[in-house]
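Visitor: My structure is below; once you've seen it, I'll send some questions.
The values are calculated or read from the model by the stated rules, or taken from the named source; none is laboratory data. Values in this document were obtained by computation on a predicted structure and should not be read as measured data. Every residue, glycine among them, receives a Cβ derived from its backbone with ideal geometry; neighbour counts consider all protein chains shown. Calculation scope for accessible area: heavy atoms of the full protein, side chains included, ligands and nucleic acids excluded. Shrake-Rupley method; radii C 1.70, N 1.55, O 1.52, S 1.80 Å.
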Amino acid sequence: MNEIRNIFCVGRNYRLHAEELGNAVPTSPFLFSKPTHALVEANGQTITLPGNRGEVHYETELVLYIARPFEPGMKVEDVVNKMALGIDFTLRDVQNELKEKSHPWLKAKGFPNSAVLTSFHPFPGVEACRGTDFSLFKNGEQVQCGNISNMLFDMQTIIEFTAEHFGLGEGDIIYTGTPEGVGAVADGDKLELRWGEEVWGTFTVQLQK
């Protein structure tokens, strides 16, 4: 896996996903981060997740790899050279408790193995990405399907916003948000991440008691 420095994640970037969780639709990009300890590659293995903290939800996303420091005026293709598919695993019950207390989400989003990534593939450009859907299959059944054309905030907006507020440099990655259809995983579930008809990553879930 490429060396990764910072993991930025865009929350509520698809209207139907925000609505399915009863969240307000944001009017500007809504970002959070994960520690690099959360990273794990989906290469056909078993991935262990905490099974004793309530439901663990999958959130499938397109992930951008930043190849050079962003400077004002740069376009997406100037800074992104690779992309992957990923899952932002979320401890949903923990997150709901934290939201009620107005506390940060890190405990619900940043646990080990919560940032699943496929291998990286060359970035074909924004317009080319619009022509292909990404999807998640659970035990052979499609449970999520998304297309970047449905993002509330497009790649250019996300990159500019991230760079302005947090800085953005080589080795950073951005999880760009999940479409509707998120749900809980069970012990033994087999998950498959697809770009169009291509399988980019697979793994089996093991819920640790």
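Visitor: Given Cα positions, please report Rg to Rh for region 134-209, the hydrodynamic radius being the Kirkwood one. Intermediate results must be reported in sequence, preceding the final value.
Guide: Values: Rg = 15.4 Å, Rh = 14.6 Å.
Here the Rg-to-Rh quotient is 1.05.
Visitor: If you don't mind, there's one more thing I want to ask. With equal scatterers on the alpha carbons only and no solvent term, can you work out the Debye log10 of I(q)/I(0) for region 44-154 at 0.24 1/Å?
Guide: Normalising to I(0) and taking log10 leaves -1.31.
Visitor: Can you pick out the pairs among Lys75/Lys138; Lys75/Lys101; Lys75/Lys99; Lys75/Lys190; Lys34/Lys75; Lys101/Lys190 whose Cα atoms lie more than 32 Å from each other?
Guide: Details: Lys75/Lys138 35 Å; Lys75/Lys101 39 Å; Lys75/Lys99 35 Å; Lys75/Lys190 37 Å; Lys34/Lys75 25 Å; Lys101/Lys190 34 Å.
Flagged as over cut-off: Lys75/Lys138; Lys75/Lys101; Lys75/Lys99; Lys75/Lys190; Lys101/Lys190.
Visitor: Moving to a separate point now. Calculate, for region 67-161, the solvent-accessible area per residue in square angstrom, rolling a 1.4 angstrom probe over the heavy atoms of the protein chains.
Guide: Working: 4380 Å² over 95 residues.
Accessible area per residue, region 67-161: 46 Å².
Visitor: Rounded to the nearest 5, what % of the DSSP beta bridges within region 1-154 are antiparallel ones? Working shown, then result.
Guide: Numbers: 25 of 28 bridges.
Given both bridge residues lie in region 1-154, the antiparallel proportion sits at roughly 90 percent.
Visitor: Between Ser149 and His37, what FRET efficiency follows from the Cβ-Cβ distance if R0 is 35 Å, with the result rounded to 0.05? Mind showing how you got there, number by number?
Guide: Working: r = 33 Å, r/R0 = 0.95.
Efficiency for this residue pair is about 0.60.
Visitor: Per residue of the chain, what 222 nm ellipticity follows from adding -39500 (n - 2.57) for every DSSP H run with n ≥ 4, rounded to the nearest 500?
Guide: Values: 6 runs with 40 residues, N = 209.
Per the formula, -4500 deg cm²/dmol.
Visitor: With percent of Cα pairs over 21 Å apart as the read-out, I listed (i) 49; (ii) 54; (iii) 57; which label goes with the value calculated from this structure?
Guide: (i)
Visitor: Moving on. Give, as ranges by residue number, the residues of region 26-64 whose backbone N falls under 20 Å from the point 7 Å along Cα→Cβ of Asp93.
Guide: Only 48-59 pass the distance filter.
Visitor: Right, next: If packing is taken as the average number of other Cβ atoms within 10 Å across a peptide's residues, how do 96-102, 178-184, 79-85, 137-143 rank, most packed first? List each step's numbers first, then the result.
Guide: Numbers: 96-102: 11.1, 178-184: 19.7, 79-85: 22.0, 137-143: 12.7.
Final packing ranking: 79-85, 178-184, 137-143, 96-102.
Visitor: Next question, about the same structure. At 7 Å along Cα-to-Cβ for each site, give me the label-to-label distance between Gln206 and Val25 in nm.
Guide: Result for the modelled spin labels: 4.2 nm.
Visitor: Using unit Cβ charges (K, R positive; D, E negative) and no other charged atoms, how large, in debye to the nearest 20, is the dipole of the chain about its Cα centre? Please report the intermediate quantities before stating the final value.
Guide: On the way: 18 positive and 28 negative charges, 110 e Å.
In total the dipole reaches around 520 debye.
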